[in-house]
Structures are given as structure tokens and as C-alpha cells.
1. Test Lys275 against the stated conditions and say whether it is open to solvent by 20 Å² or more (accessible area, probe 1.4 Å), in the same structural domain as Glu307 (by TED's automatic domain parsing) and closer than 21 Å to Gly158 by Cα.
2. Name the single residue that is nearest to ligand 3 (Cβ to nearest atom) among those in region 89-124 being modelled with pLDDT under 95 and among the aliphatic types (A, V, I, L, M).
3. When the residues of region 123-138 are filtered to those that are out of contact with any Gly (no Cβ under 8 Å at 6 or more places or on another chain) and open to solvent by 10 Å² or more (accessible area, probe 1.4 Å), which remaining residue is farthest from ligand 1 (Cβ to nearest atom)?
4. Considering Leu142, Leu155, Leu120, which residue is assigned by TED's automatic domain parsing to the domain that holds Lys69 and within 11 Å of ligand 1 (Cβ to nearest atom)?
5. Among the residues of region 115-139, write down those that are in contact with a strand residue (DSSP E or B) (Cβ under 6 Å, 6 or more places away or on another chain) and away from ligand 2 (no atom under 15 Å from the Cβ).
6. Among the residues of region 129-143, how many are outside any loop (DSSP other than H, G, I, E, B) and within 16 Å of ligand 3 (Cβ to nearest atom)?
7. Pick out the one residue from Asp189, Asp252, Asp238 that is in the same structural domain as Val45 (by TED's automatic domain parsing) and of a type in the set (Asp, Glu).
8. Pull up region 223-258, narrow it to residues that are of a type in the set (Phe, Trp, Tyr) and within 15 Å of ligand 1 (Cβ to nearest atom), then point me to the one that is nearest to Tyr166 (Cα to Cα).
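The values are calculated or read from the model by the stated rules, or taken from the named source; none is laboratory data. Quick caveat: nothing in here was measured; it's all calculated off a predicted structure. Note: ideal-geometry Cβ built from the backbone for every residue, glycine included; neighbour counts use all protein chains shown. Just the protein is used for accessible areas: all its heavy atoms, side chains included, with ligands, DNA and RNA removed. Shrake-Rupley method; radii C 1.70, N 1.55, O 1.52, S 1.80 Å.
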Amino acid sequence: MSDQPLQTLGEFIIDKQDDFQYSSGELSRLLSAIRLASKVVNREVNKAGIADIIGNIGRTNIQGETQQKLDVLANDIFIKALSQREVVCGIASEENDDFIEIKCGDNGHLSKYVVLMDPLDGSSNIDVNVSVGTIFSIYRRLTEPGSPVQLADFLQKGTEQVAAGYVVYGSSTMIVYTTGNGVNGFTLDPSLGTFYLSHPNMQYPENGKIYSINEGNYSKFPQGVKNYLKYCQMEEGDRPYTSRYIGSLVSDFHRNMIKGGIYIYPSYAKAPNGKLRLLYECNPMAFLAEQAGGKASDGFRRIMEIEPTELHQRAPFFAGSKEMVEKAEEFMRMDAVKD
Ligand code: AHG
Ligand code: MN
Ligand code: MN
């Protein structure tokens, strides 16, 4: 064991507060609220097998997908933690059709931040005891503090993110986040309920040997993706690569960031923009990928430069080790030229 003293997430947040000029501590309080909510969700996820909270509740969200009970519970927990602590002026969530306005203090709308989130990612994994996650993305509002929050405050390009991160409820529970100064990971000690800095300055290996994609959809993929997959499977040099797909973006991304790999959810005929949501899945993961020395694109463009037009907008997503993403983009471009 190392002699280094353990640093808790709470201590780390306060230490880093000075990185922000004119910081009022508001972002620190916001991150602390996320830390608290993630512990509560972690408790519920751990109980999923024994409590009567698994299974679907017979409702669908705006995308027409069946909501799991835990989706709704995680959504409520995060909204409550963020609104009661008055650390955001608005929240947009995968589970809510529209954004929610949060009134703070006597004058209302005082906070300068908005949060976008996927409260439970990979929720189809819940019933089978496989890792799930939470994804969050934080922006400074564009409209004047004190006035009601507007849709425009949420429809910002990923490059404008102030912070982003995820929680992975896995064999251990971790928070991984960035405020634009690298990526740091914290592991929960469940006996103490404390997150400790376990993965300082996380970096994607430049190259990797894992590709993660739902190959069941192969016949519907664009030709460029099909060609890239054939390249991954070819016996040459360090290939064939290994295929690993959990079906939870957070977990697939987390593994690939540590081991080196690429995650792809491409477009296909029936879904020209793929499946993943730009604002609360792709952008936060893209911010983390870039901060960890990796890359994230829609196959052609940098994800974080896409101009959003809708809250629940989707985008094709290629994220991972820089060299792997660049190779996949090369195949996409080659195919686009032929069309
Ligand atoms: P969510 O549970 O928030 O709806 O997200 C599921 C997403 C993502 O996490 C995962 O990688 C992908 O959907 C899996 O989709 P397929 O089942 O189509 O592969
Ligand atoms: Mn998701
Ligand atoms: Mn979700």
C-alpha cells in the first residue's frame, strides 16, 4: 500500500476550486450535490436484486422507450439533490420531455449553471446485475441570472461545457469527472460512504485493441463502419482486435479509457443519427475523452462542435483512443467519397 494520504472527493473538489478564477464555490457545491445523489442511487442500484424495484413501470419516455423503475427513481434522486441545494437554475434529463426550471432563493433563478443528464444509463442491464451508470454535463447559462432559464441555455455546443462526468455503478462504484483540467476518477468505499481519489489524471492509451459496437445491427451499418469492423477483425500486425460490448455506454467507455479501445454507435438507415443523445450522452463523454487524450466524433466531425437544435437530439458516436477513432474516421471518409 502506498504511503500517500488518501484524498477524498470532497477534499479534491475544494482543492480544485481555486483553478477557477473568481470562483464563488457554486460549481463545487453543484459537484457535491452530484456526489450525494450518486451515493443514494448507488444504494438503490445495489438493492435492485432484492427490492421490488426492478422491472418496468409500464410507461414510456419521450423517445418511446420503456422506462425502468430505477430510471425514474434515479431521475427523481438527482433532481431532488440538485434542486433542494439550489445549485442549478435548470435541469434537462433523458427522462423528462422538457427542461425543468429550478427557482433558487427569494429572487429565484439565481444559480448560473444548468445540468443535463442521463440519470441511469444502460438501464436494460439492471435486471441482469450488470453495470449501469449516470452521465452529467454542466454549462454556464447564457441568459441573465435572475430571469427564467430558457431552452437556449441548454442548447449549447459541447465545447462550452464547464464540467462533465459519469458515475459507474459497477463491481465498485466510481465517479469520473473533468472540469477541463484532465480527468480524475474516485472510487467509493461503501463501508464509509466516501469516494477516494483512485485514478488521478486518467489517460486513454493512444491506441487500443478493443472495439465496442452492437454487431447485431451489422447489416444496417454504413459501409464505412462495416469496412472498419473488417479491418478490426483482420489478422495483421496487432489485429484482430477484441470485441467487448456491455450495452451500457458508461461501462463500455470506462473500460476502453483504461485499457484502450473504441466505442461506436453509428447511424443506420432507420436511425440516421444513431441512438445516443448528443446533449447528455455524447457531449459529456466527448469532453471526458478529449480531456483524457482520446477523441470523439460523429464519424466526420468533432462531437463537441455540433450545434444542437433539440434537447433530445441524437448523434452517431465514435469515441476512444485517438488512433482508433482516426482510423475509423478514415474508413468513413473513404466510403463517403465513393457515394
Ligand atoms: P439508456 O439506458 O440511457 O437508454 O442508454 C442505453 C444506451 C447506451 O448506454 C448503450 O450503449 C446503448 O444504448 C445500447 O444500445 P443497443 O442495445 O442498441 O446496443
Ligand atoms: Mn443512456
Ligand atoms: Mn438512461
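1. For Lys275, the condition - open to solvent by 20 Å² or more (accessible area, probe 1.4 Å), in the same structural domain as Glu307 (by TED's automatic domain parsing) and closer than 21 Å to Gly158 by Cα - is met.
2. Ile102
3. Val128
4. One residue alone meets the criteria, Leu120.
5. Selection gives Val115, Ile138, Tyr139.
6. 6
7. From the options Asp189, Asp252, Asp238, the qualifying one is Asp189.
8. Only one residue tops the list, namely Phe253.
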